[in-house]
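Data first, discussion second: the structure below is written as structure tokens.
The values are calculated or read from the model by the stated rules, or taken from the named source; none is laboratory data. Everything numeric in this text was worked out from a predicted model, so none of it was measured. When we count neighbours, we look across all protein chains shown, and the Cβ atoms used for this are built from the backbone with ideal geometry, even at glycine. Just so you know, the surface numbers come from the protein's heavy atoms only, side chains and all, with ligands and any DNA or RNA stripped out. Shrake-Rupley method; radii C 1.70, N 1.55, O 1.52, S 1.80 Å.
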Amino acid sequence: MTITREPPYEDAARDWLDELRRRAVTAFSSVGRAVLLLAESLACLPGVLARREARASFVRQLYAAGIRTLPVITVVGLFTGMILGLQVGLILMRFNQEYFLGAAVMLTLIREMGPFVTGICLSACVGSAMAAELGTMVVNDEVAALEIMSISPVRYLAAPRIGALLAMAPLLAFYACVLGVVGGGLVAYTQLNVDFGQYMSSAVAIATVKDLFVGLLKALVFGAVIGAVSCHQGFSTRLGAVGVGRATQRSVIISFLLILALGYMVTRAFYLEFSL
């Protein structure tokens, strides 16, 4: 897959329909290139893990995607659980159903909010940095230099980053869920007079293997999307420093929108049943 290319020259749009057509073609071609980038990166992962130099780069990306984001994930996961515990608990207290607070917090976090907040944090902290880094390499002709030396930029640059996000996103999502459940339990015990043991027993009893599987699957999908979008936007950078800023902005916005849409689609696929 060739990364460096001259932008196509086109005459000015004749009318608004022509401009709309060009934007649609550009959008669909960008989606296709991002999918091809993701597929090629996944195909290159075994080779990346087999070589010592590539493994060192992969470990650095694991550190950047996992360890460096732990403080943000910790704060966001803990306070997400505390907010859920407080808001849901206040509603359940009206009906004297505080016993189900742990179950409500657990299901909300493990099915949706844990993977969602993890994807948002990774997109903002890691995906934006990837797009800016790769975009800077493109405008400085470093990517072109790799291609001149017959080194694949996808294998050398994109595959370790996407692989690191695929590996760390489910782990960070599970970590965020655990912290969220604990945070909700602290709020339930200290502010809603709910016994902590009762809260935890309700939370553990309601969760199933399917819920855990769906949550981790969402996190895996979000990691792949963030990696593909960020690397594609970085490789598509043009116009120097201005282009780097635009690529970083687009990577975050597109990742946010895809996380919302794909989160809904995965939930609908696994939990919405139609009766004929």
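Anything in the chain that counts as a DSSP H helix reaching 30 Å or more along its axis (C-alpha) with Kyte-Doolittle mean of at least -0.5? List them, would you? Answer set is 16-50, 70-94, 159-191, 209-235, 240-271. The residues neighbouring CYS231, those whose beta-carbon lies less than 14 Å from its own, together hold a net charge of +2 under the Lys/Arg +1, Asp/Glu -1 convention. Remark: the chain carries a charge dipole of roughly 260 debye about the Cα centre, counting +1 on each Lys and Arg Cβ and -1 on each Asp and Glu Cβ.
Computed with every protein chain present, the accessible area of ASP141 is close to 100 Å² [probe 1.4 Å].
Loop exposure criterion: chymotrypsin sites (Phe, Trp or Tyr not before Pro), DSSP state outside H, G, I, E and B, at most 14 other Cβ atoms within 10 Å. Applied to the chain, the longest stretch between such sites is 96-273. Given their separation in residues at 0.36 nm each and the Cα-Cα distance between them, LEU217 and ARG60 gain 54.1 nm when the chain is fully extended. The listed residues VAL244, VAL214, VAL182 rank as VAL182, VAL244, VAL214 when sorted by accessible area, largest first, using a 1.4 Å probe. If R0 is taken as 41 Å, the Cβ-Cβ distance between GLU147 and THR208 corresponds to a FRET efficiency of 0.25. Measuring with a 1.4 angstrom probe and ignoring ligands and nucleic acids, LEU49 comes out at about 80 Å² accessible. Compactness of the stretch 122-188 was expressed as the Cα radius of gyration divided by 2.2 N^0.38 Å, which yields 1.64. Its convex hull of Cα atoms gives the stretch 194-249 a direction-averaged projected area, equal to a quarter of the hull surface, of 6.2 nm². With 5 Å bins beginning at zero, the pair-distance distribution over Cα atoms of the stretch 81-199 amounts to 2, 11, 16, 14, 11, 9, 8, 7, 6, 5, 4, 3, 2, 0 %. For the stretch 145-218, the Cα gyration tensor yields ellipsoid semi-axes of 44, 13, 5 Å (square root of five times each eigenvalue, largest first, whole Å).
Considering the values (i) 20.4; (ii) 21.6; (iii) 19.9, which represents Kirkwood radius over Cα pairs in Å as calculated for the structure under consideration? From the options (i) 20.4; (ii) 21.6; (iii) 19.9, the structure gives (i).
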